[in-house]
Every structure is written in C-alpha cells, then in structure tokens.
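J.: Before I ask anything, here is the structure I am working with.
What follows draws every value from the coordinates through simple rules; no lab data is involved. It should be emphasised that the depicted structure is a prediction, and the values quoted were computed from it without experimental measurement. Here the Cβ positions follow ideal geometry from the backbone for every residue, glycine too, while neighbour counts run over all protein chains shown.
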Amino acid sequence: MSSELLKGNVMIGTCCNECAKAPITGDIYIRPTNDFHLCKKCYDDISEEKKKANYNDLVKCSTFGEVVDLLFKTIDSNNSGCISVDETTKFLKGVGETDGSSKVIQKMMDTNKDGKVSKEELIDFIIKITKAGGGI
C-alpha cells in the first residue's frame, strides 16, 4: 500500500447529503456511524449554532488516510486492531446493509482468510471498490 495514496486528497464516490454533489473532494465532514457526509462548502454554510446542535459529531477528514483511519476505528468497536465478522455486521447494519451482504463483504475484505480484517485489507478493499465505481 502506497503511503502517498494515504496522504492524497479525499475523494469519495458518495454524494454530499446536503447538496448531492458527487464525488466529494477535498475536506469532508463525516458521521461514519450512519454514512452521513458533508462537503466543505455545505459544512461552512451551516451556522455555528446549528453545528453545535446537530453536527457536533462530524469528523473532518482532509486525506484519504484520515478517512480510512476513521472508518477502521469506527468498525473496530472493541479496539482489537482487527475487524471481526460481528463488527462488520454491526457497522453495515447501521448503514442499511443486510446480514447476508455483511458476510459477503467481510469475505471479500479478508483476503488472507484469517477470519478478521486488518487495516491494510480494508485499504485494499476500499481501493478495489472505488476503482470498480463504488464509493466509500
């Protein structure tokens, strides 16, 4: 995995939940627990009062590496350093996926077939789905 890629600007295939612009590039504000994204322009247009009331849990990411770190930490809920099938299922249910798709996705991510997903495997999976036209 190229460290240059992790330092690169954020570009995700999903759209901004406010303006529907896609892909989002540059700074992005993410609520990873429910697949919520705002582009910098929309975030900047929100009043400080509304940010405190409704958006205080958004995390700003400026690089692809920051997005991956946030996603990995969110899914790895027990902080073991690896993502289990149960953690994948719990996370994906939270963003609207089914149990069946969770198992398929876990199997696709777990390339060394050890039953868990490392950060490197997650990165490789994200790159594959992004290149295939999917988004993160």
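J.: Starting from the Cα of LYS40, draw a straight line to each of the lysines and keep only those under 19 Å, dropping any in the same chain fewer than 8 residues away.
T.: Once the sequence-local lysines are set aside, what remains near LYS40 is LYS7, LYS21, LYS50, LYS51, LYS52, LYS60.
J.: Quick one: net charge around ILE28, please, counting Lys, Arg +1 and Asp, Glu -1 for every other residue with C-beta under 14 Å from its C-beta.
T.: Taking every Cβ under 14 Å from that of ILE28, the sum is -1.
J.: If you don't mind, there's one more thing I want to ask. Peptides 90-98, 116-124, 44-52: what's the order by average Cβ count within 10 Å, highest mean first? Write down the numbers at each step before the final one.
T.: On the way: 90-98: 14.1, 116-124: 18.6, 44-52: 10.8.
Peptide ranking by packing, descending: 116-124, 90-98, 44-52.
J.: Over the Cα atoms of the stretch 56-132, what is the Rg over Rh ratio if Rh follows Kirkwood?
T.: Rounded to two decimals, Rg/Rh equals 0.95.
J.: Next up: Under 21 Å Cα-Cα from LYS116, which lysines qualify once same-chain neighbours fewer than 8 residues away are excluded?
T.: Leaving aside lysines fewer than 8 places away in the same chain, those within reach of LYS116 are LYS73, LYS90, LYS93, LYS103, LYS107, LYS128.
J.: Determine the sum of side-chain charges near GLY94: Lys and Arg each +1, Asp and Glu each -1, restricted to other residues whose C-beta is under 12 angstrom from that of GLY94.
T.: Overall, the nearby charge balance is 0.
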